[in-house]
Each structure stands twice: as C-alpha cells, then as structure tokens.
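**Q** Below are the structure tokens for one structure; questions will follow.
The values are calculated or read from the model by the stated rules, or taken from the named source; none is laboratory data. Bear in mind the structure is a predicted one, so any value in this text is a computation, not a measurement. Methodologically, a virtual Cβ is constructed for each residue, glycine included, from the backbone with ideal geometry; neighbour enumeration extends over all protein chains shown. Quick note on the areas: whole protein, heavy atoms, side chains included, nothing else; ligands and nucleic acids left out. Shrake-Rupley method; radii C 1.70, N 1.55, O 1.52, S 1.80 Å.
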Amino acid sequence: MLTTRPRGTSDILPGEVEKWQYLEELTRQVCREYGYGEIRTPIFEHTELFHRGVGETTDIVEKEMYTFTDRGDRSITLRPEGTAAIVRAYLENKLYSLPQPVKLFLIGPMFRYDRPQAGRFRQFHQFDVEVFGSNSPAVDAEVIAMAMDIYRRIGLNNLELHINSVGCPQCRPLLRQKLQDFFRPGLQELCPNCQGRFERNPLRILDCKNQKCQELSQGAPTTLDTLCPECATHFQQVKGFLDTAGIAYQVDNRLVRGLDYYTQTAFEIMTRDIGAQSSIGGGGRYNGLIEACGGPPTPGIGFALGLERILLTAERQGVAFPISPGAGVFVATVGAEADNTAFSLVQELRRQGIPAEKDYLNRSLKAQMKYAGKLAARLVVILGEEEQARGVAVVRDMQAGDQKEVPLAGITDYIKSLSF
Ligand code: HAM
C-alpha cells in the first residue's frame, strides 16, 4: 500500500513531464492567439454543483464521482470535469459584467471513478475551454477550429471530427416522445439504468455502453429528425462555417455525449490509434447550463481535450515533441580546491540562466565524466589540480567531441558565447 499509488492514477516523472510542459505551453500559446484567459478553479466543489450542472442521469453523476463528506458535514466532490466548475466561477465572480463573449481556459486534473484501462484513468488531465455570452454559430465553428488547430500543431494525424445537434428545450419534448415510443416495446430488456432513464432522459439510452441497450437502440429516432427550425438553421450555419474554414467533419446523428447540459452543437474528436477509448476531445453548446446554475440566461459553448489520450496518440503515431534533453554544463573536478571553484562556477552559470551541475559524491574524474554523459551534458568543464593552479579549465563539447583551454576568469562569457 505504502509504495503503490491508487488504481487509475499516474506519477509523471522527469523525462516524461517535459512532454506535459510542452503540451501545456502549446495550448497556452494557442489560447493567447484565440483570446482566452486562464482560470484556475478548486479541485473540489460542492457536490450539488455537479448534480445540477452535469446532470442526474449521466454516468458521471450516477456512478463515477469521488464524493465525500468533509469534517464540516458538507458533501464535497473532486471535480469530474471542468465546465460546471467554470460556470460556477463565472457566476460567483460576476464575469458576466465583462465585455461578452468571455473566453476562458483551464488545464488541470479531473477525477472519475471509472474502470481503468488504456487511455482511461481515475485521475486524468484536461485542457478545457469555455466561451460565455454568444449564440453565434461562428463561435461554435471557431471553438471546433481551435481544437483541430491544437491537434494539428501537436502533429497528430488521422483524426475524425464527429458533429451533431442535440436540439434544445423546444425540440426535446418531441424527441423524448419519439424515443419513448420507440423503446417502450423493449423496455423490460433495457439495462436497469436505462429503464430508469426511459422516464427521466431517454436520450441517454442512446449513449449506454450495455450491448443489449446498443442493439435495442438500432434504428432509434435521432436528434436530427426532431430539430426545431431554429436549431436546424443553427446546425446548418455551423456546418457552413466549418466548410468555409476547410475543416473536414462527419455528421453523426447518434452522437449524444455523456453530459446532460448540451444543447444544439455537440462534437467529438476520435482517433482509431488508441483502442476503445477513442475520444481525444469533445464538447458542445450548453445554452441552458448557466441559468440552471442560478445565473442569467447566457449561451455557452466549450470543449475539453484529454491530455493523457493526446500523449498516447502521439506515441502511437510516432509524433516526436521538440524537447531538448540535456543538463547544459557539467563541471568535473580533481582536488578540493578545484571542487571549491566548481561550486562557485555552477552557481555563476545558473545565475546567468545556464543549467549547470557538478559532482556531490566525491567521484573519480572518470566516474564524473560517465555521470556527465548520463545527464546528457552538452559541455563538460574539466578542472584538474594543474588547471586550477594555472587559472584555466578545459571546456569539452560533448557533441562535437572537441575541447579548448579557457581562462577561468572569462569562462562564463565563453560558455555563453556557445549559444547557451
Ligand atoms: P468529456 O467528453 O467527458 O467532456 O471529456 C473530454 C475529454 O476528456 C475526453 O474526450 C477524453 O479525451 C478525456 N477523458 C474523459 N474521461 C477520461 C478518463 N477517465 N481518462 C482519461 N481521459 C478522459 C467533458 O468533460 C466536458 N466538460 C467538455 C466540455 C467543455 N463541454 C463543453 N465544455
């Protein structure tokens, strides 16, 4: 127990963490270009927020939340997703008084008690963006374009963008009725969850993973069959903007998404390269969510990308990240006096912004050189007793293999001149 992490979690170690930093920097850069501001919300929220926000009939709320009672007898939940929390922050901080639309992004861990497998974790990380205050179909298309732009810049290939419209409270009653008429004859054969969903939210039956439910939902009426004129036009316009932007998509009239807040546009980005957990991102419009959370009627739309799944896809597709390995400069010494000089030299190099390292284990010169190799140092400064006495050091370029004797007095400038 003491040396085992909880199932479905990961340690991200040096060597791997640089990829995360690269991804985070890339997404932050894209957000700067698209005008999004970063928001950081708490890891835990009042449980009620997710019941209200994500929806009572979702898998997340029904069975995946990490919920506990705190010492003050409050029900608290580790956030299973970002949208409801960002909506809460938008309302609590009165961000609706800012010029609209308000564009926000969040990067951080999410928690879902799901069965762990390749690409599915109990603690995973999302990059999440949300836009509040505009119902324009151009915003839907821009948000989708931004997601695709991020994947393109990372270098991912073979992605499929699926889009659908799930309608609005105007079209839902008709869809609900059609779905209930469709499922009623086989109601007893649906899984117990879906039997409950039949009354509460029959649309969710289409998203059930149970094989029998999937069979029974073949040929079920779809959201696109029942769109009201306003939703139909909105969907038409979103597709028009995507066409103009040259973004390829497939209309998938069975795409429901696993969260209850969606209205109109819903989308998901899939890859066939990472197995069953093929969704590497998804999102949609949620025009009723802010009001449902106690705010003024405000349209909203957003998406979230799963960072673990992006990294897995990159690995499977052989996409390399431009990460420069290596510790910069290693100062190898012989003798106590040289060791003293090395101590000041590494401090000076670090002050100048150059990564520098020395030996701390009294290794022999040979062992120090081996250690420098393991650290992938670009330069090794060799400071023996004789060099120390003459006030010089040997600077060896580990890639080129050549070396040069340099006066200690000017050594920092010399190293800097080697484009550090
Ligand atoms: P979601 O589809 O539940 O949407 O999650 C978005 C992405 O997070 C998925 O496409 C997947 O890449 C990743 N993901 C989800 N669950 C796991 C897991 N257990 N392990 C690893 N990765 C996972 C949402 O969360 C919405 N809040 C997105 C959104 C934002 N909609 C509007 N705004």
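**Q** Within the set of other residues whose C-beta is less than 15 Å from the C-beta of L311, count the net charge using Lys and Arg as +1 and Asp and Glu as -1.
**A** On the way: positive: K19, R120, R153, R309, R316; negative: D11, E16, E18, E24, E25, D273, E308, E315.
Net local charge, L311 excluded: -3.
**Q** Right, next: Enumerate the aspartates and glutamates that K94 could reach by cross-link, defined here as Cα to Cα under 19 Å, with residues fewer than 8 away along the same chain left out.
**A** E38, E45, E130, E291
**Q** Cβ under 14 Å from R115's Cβ, R115 left aside: what net charge do those residues give with Lys, Arg +1 and Asp, Glu -1?
**A** Numbers: positive: R7, K63, R112, R120, R122, K209; negative: D59, E64, D114.
Counting the neighbours of R115, the net charge comes to +3.
**Q** Based on a Kirkwood Rh over C-alpha pairs, give the Stokes-Einstein translational diffusion coefficient of region 329-415 at 37 °C and viscosity 0.692 mPa s in µm²/s.
**A** Details: Rh = 12.6 Å.
In µm²/s, the coefficient is 261.
**Q** With a cap of 15 neighbouring Cβ atoms within 10 Å, and only residues DSSP puts in a loop, list the trypsin sites (Lys or Arg not before Pro) found in region 1-69.
**A** Details: sites: R7, K19, R28, R32, R40, R52, K63; in loops: R7, R40.
Counting only loop positions with at most 15 other Cβ atoms within 10 Å, the trypsin sites (Lys or Arg not before Pro) in region 1-69 are R7, R40.
**Q** What translational diffusion coefficient, in µm²/s and rounded to a whole number, does the Stokes-Einstein relation yield for region 269-420 at 25 °C and a viscosity of 0.890 mPa s, taking the hydrodynamic radius as the Kirkwood radius over Cα pairs?
**A** In µm²/s, the coefficient rounds to 126.
**Q** On to the next question. Hey, if you put +1 on the Cβ of every Lys and Arg and -1 on every Asp and Glu Cβ in the chain, which of N157, T58, I415 ends up farthest toward the positive end of that dipole?
**A** Of the options given, the answer is T58.
**Q** May I pose another question? Using only the Cα atoms of the chain, each taken as one equal point scatterer with no solvent, compute I(q) by the Debye sum, divide by I(0), and report log10 of the ratio at q = 0.08, 0.11, 0.14 Å⁻¹.
**A** Summing over Cα pairs of the chain leads to -0.58, -0.88, -1.22.
**Q** For an R0 of 51 angstrom, estimate the FRET efficiency from the Cβ-Cβ distance between I323 and S97 and round to the nearest 0.05.
**A** Numbers: r = 42 Å, r/R0 = 0.82.
FRET efficiency, I323 to S97: 0.75.
**Q** Carbon and sulfur: what percent of the chain's accessible surface (1.4 Å probe)?
**A** Details: 10430 of 20470 Å².
C and S fraction of accessible area: 51 percent.
**Q** Excluding the sites themselves, what is the longest stretch of the chain that contains no GluC sites (Glu not before Pro) in a DSSP loop with at most 16 other C-beta atoms within 10 Å?
**A** Values: sites that count: E16, E56.
It runs 57-420.
**Q** Looking at region 298-374, which trypsin sites (Lys or Arg not before Pro) are DSSP coil and have at most 13 other C-beta atoms within 10 Å of their C-beta?
**A** Details: sites: R309, R316, R350, R351, K358, R363, K366, K370, K374; in loops: R363.
Listed in order of number, the matching sites amount to none.
**Q** Here's a follow-up. Hey, what's the chain come to in accessible area per residue, 1.4 Å probe, Å²? Walk me through the intermediate numbers first.
**A** Details: 20470 Å² over 420 residues.
Normalised by residue count, the accessible surface of the chain is 49 Å².
**Q** Still on this structure, I have one more. Report the chymotrypsin sites (Phe, Trp or Tyr not before Pro) located in region 221-306 that are in a DSSP loop and have at most 16 other Cβ atoms inside 10 Å of their Cβ, or state none.
**A** Values: sites: F235, F241, Y249, Y261, Y262, F267, Y286, F303; in loops: Y249, Y261, Y262, Y286.
Hits after loop and neighbour filter: nothing returned.
**Q** Further, regarding this structure: Over the chain, what is the relative contact order in whole percent, taking alpha-carbon pairs under 8 Å and six or more residues apart?
**A** Result for the chain is 15 percent.
**Q** Which pairs break 29 Å Cα to Cα here: K19/K404; K19/K416; K103/K178; K63/K239?
**A** Working: K19/K404 34 Å; K19/K416 26 Å; K103/K178 37 Å; K63/K239 35 Å.
Result: K19/K404; K103/K178; K63/K239 exceed 29 Å.
**Q** Pairing the Cα long axis of helix 336-351 with the longest principal axis of the chain, what angle in degrees results, from 0 to 90 and rounded to the nearest 10?
**A** Taking the Cα atoms of the chain, the angle to 336-351 is about 40 degrees.
**Q** Please work out the C-alpha center-to-center distance from region 63-94 to region 308-344 and express it in whole Å.
**A** What the calculation gives is 39 Å, centre to centre.
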